[in-house]
1. Suppose R0 equals 30 Å; then what is the FRET efficiency for Leu232 and Met311 from their Cβ-Cβ distance, rounded to the nearest 0.05?
2. Among the listed pairs Lys410/Lys460; Lys94/Lys464; Lys685/Lys735; Lys197/Lys697, give every one whose C-alpha distance is greater than 26 Å.
3. Which residues' amide hydrogens lie under 5 Å from the amide hydrogen of Cys282, considering only partners 5 or more residues apart or on another chain, with H built in the peptide plane?
4. Note down the relative contact order for region 576-722 as a percent, whole number, built from C-alpha pairs under 8 angstrom at least six residues apart.
5. At a Förster distance of 51 Å, what's the computed FRET efficiency of Ser151 paired with Glu223, Cβ-Cβ distance as r, to 0.05?
6. In whole Hz and in residue order, list the ³J(HN,Hα) couplings for region 410-422 that follow from phi through the Karplus curve 6.51 cos²θ - 1.76 cosθ + 1.60, θ = phi - 60°; x for Gly and Pro.
7. Pairs of Cα atoms under 8 Å, at least six residues apart: use those to get the relative contact order of region 677-756, whole percent.
8. Amide H to amide H, which residues 5 or more places from Gly579 or on other chains are under 5 Å from it, using H placed in the peptide plane?
Amino acid sequence: MVVCRMTLKKLRQALGGQVVLPDDWETTAEVIRETGRKVLGVSSGRRKEDKETWWWNEEVQDSIQRKRLAKKKWDMDRTEENRQEYKELQRRVKREVSKAKQKAYDELYTRLDTREGEKDLYRLARQRDRDGKDVQQVRVIKDRDGRLLTSEESVQRRWKEYFEELMNEENEREKRVEGVNSVEQKVDKIRKDEVRKDLKRMKSGKAVGPDDIPVEVWKCLGEAAVEFLASLFNRVLENLEKAYDRVPREELWYCMRKSGVAEKYVRVVQDMYERSRTVVRCAVGQTEEFKVEVGLHQGSALSPFLFAMVMDQLSEKVRQESPWTMMFADDIVICSESREEVEVCAGEKRNESVYMCVNEREGSGTVRLQGEEVKKVQGFKYLGSTVQSNGECGKEVKKRVQAGWNGWRKVWGVLCDRKISARIKGKVYRTVVRAAMLYGLETVSLRKRQESELEVAELKMLRKISVRVKGKVYRTVVRAAMLYGLETVSLRKRQESELEVAELKMLRCHDEEIISVIHFIWHCSHNLQDLKDLLLTSWYQIPQHTFRDLVESMPRRIRAVLAAKRGPAMQSIKCVVVGDGAVGKTCLLISYTTGAFPKEYIPTVFDNYSSQVSVDGRTISLNLWDTAGQEEYDRLRTLSYPQTNVFVICFSISSPPSYENIKHKWHPEVTHHCPNVPILLVGTKSDLRNDPEVQKKLKDQNQAPITVQQGQSLARQIHAVKYMECSALSQDGIKDVFAEAVRAFLNPQPASPKRH
């Protein structure tokens, strides 16, 4: 925001005191570029060498400067006194560097464990992946004859030659004779709201184009940019050339007209492609310009649409419903029950065409196109997946395992870092490693051998992440102890087999390992929605109905062991806490379960806590669910509502808007998804009611803290069992809140008769 304000200020000065852009593009672009140079400077366009200096502070820099001066002094006068002074400063710098580095890394790991630090996490993974490579950038290339080119001029020249040939070579084809009528119709002008919408959709932080103006500049200029761009685009549409002496891309224009595209748009695209030139940006700089007369523009947002249009028209006659014809861009598969039908659909032979037979009988012949025999294969790749003629998937599984290891190597610096939490590791593992291993395997029928390959690969990865127990990592502990979703691939493929393995391991488990095994078996037998809640529940707090179902699924020989370890039954109650964001829900739960107030605010999407509470002589296992109050999590939040026994709806006593939202948002949402579930209304942050600063701030807004009478009145309106107040900071009233929540479930109030 600071840079944006500075840019606007400088731009306003350059334009004579107001942000009104000139009418012509050249002047506007030059003014913007010149302003950017003054505010931001000019970069080299290359990625900087990564140096271990990001954590330097002012003290470290001052110490290093003093050390350098002492080194120069000793170089000029080689006395013992100067040498001792330099050595002492050298030791001091090492100590200060060590302290600063440790402090910076501590702050980094703390930030990585937050939602705001997730982008830094993947950036750190990429950085560590680059650091592990011997060569960061390849600045040399071979010529046509295989000789190594080392000078920048020769390297740039070779890149230009290569792409100039590649992008101007046209395949042999028959000249199209048939014509198509053009569609002359009125084209509406580009509206400002369209430009405004597209500017919002454009991503920031992307590379600039030939004009050297990033999209952030247009976003920063706001409405002035919208007006200028809309006017510019409309002038381009109005001032098109009306005729062409030469049309180099006949097929593209033919397909556009045949698809019913307005002739004005056809001429726009023709104008874009006429006399088009490009450059190649490589490690040693930028090449000279060269013409591009064949194919679509590389990197253009319009190119995928044009390509899809061309493929749609050219394949119109051979297309059939899936699975007989499958097309993805230029990757086309034609299927049929006979070779003759394949030959008819294929039409003409292509050099890269191959065919494969499934369930082939001996002596069934070959496929021929235009009299030539087509190459037969036992398997081919389509959309990244390998299809084999015998119906097996061994090659595909091996490739998926290799893809998983490739993803692992990219993020190993994060996954193997002991200072990064298991939750963060689990997220990186799921999004990078497992996603690569499971790609395309959703509909594959795996055999035991393939399952074993996937299992072995993932166990090797998980063993590097998990905690070692007595010098060895148990298989069941590897799967069960990896909280936050690090379940293994094989759990989705062969749950019954894994359940048997876990049952056998149960007989040899120690008491401290029984929890992990139970968690693993529960994971095999039930859905993932309840997994996290169970993992955060201790062994003796597993719900009775859950424990009963679990024991019934076990062999008889271990039922008695589990029942003995379980002990007496304990009733479990699920309590979900809802309310606006930042009203103190998370602090309330942490303060209740740990007895300590959290030092910093961490926004919550989902979290679970558990506690044993004694109410009216009964011991209860209370499972507490924390939820997000922000609107963007409305759909996700309701996933925690099923099987809820009691709701605690919170508002902040120092926030009247959160009080109003109880009636307009939270009570309707809760009663819609869980009718007839008891509700407890709670006012949080009661310690702020008499705080002078809070009172002054609310008074300036013509508001006041919520009173007890207001809370009781609202409780009657929403039919809550009771209204209570508490303070997580002072621990005042928090135990009474959850004791009352338990009573609300154990002693339900009779339903009030409905009024007609």
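1. Values: r = 32 Å, r/R0 = 1.06.
About 0.40, to the nearest 0.05.
2. Lys94/Lys464; Lys197/Lys697
3. Counting only residues 5 or more places away or on other chains, the set is Thr287.
4. Numbers: 222 pairs, mean separation 35.8, N = 147.
With pairs under 8 Å counted, the relative contact order is 24 percent.
5. On the way: r = 50 Å, r/R0 = 0.97.
It comes to 0.55.
6. 6, 10, 4, x, 8, 5, 9, 7, 5, 7, 8, 5, 5
7. Values: 75 pairs, mean separation 32.7, N = 80.
Worked out over region 677-756, it gives 41 percent.
8. Close amide H contacts, sequence-distant or interchain: Cys650.
Read-outs throughout are calculated quantities, based only on the coordinates presented, and are distinct from any laboratory measurement. Note that this is a predicted model, so its numbers are computed, not measured. Glycine gets a Cβ as well: all are built from the backbone with ideal geometry, and neighbour counts include every protein chain shown.
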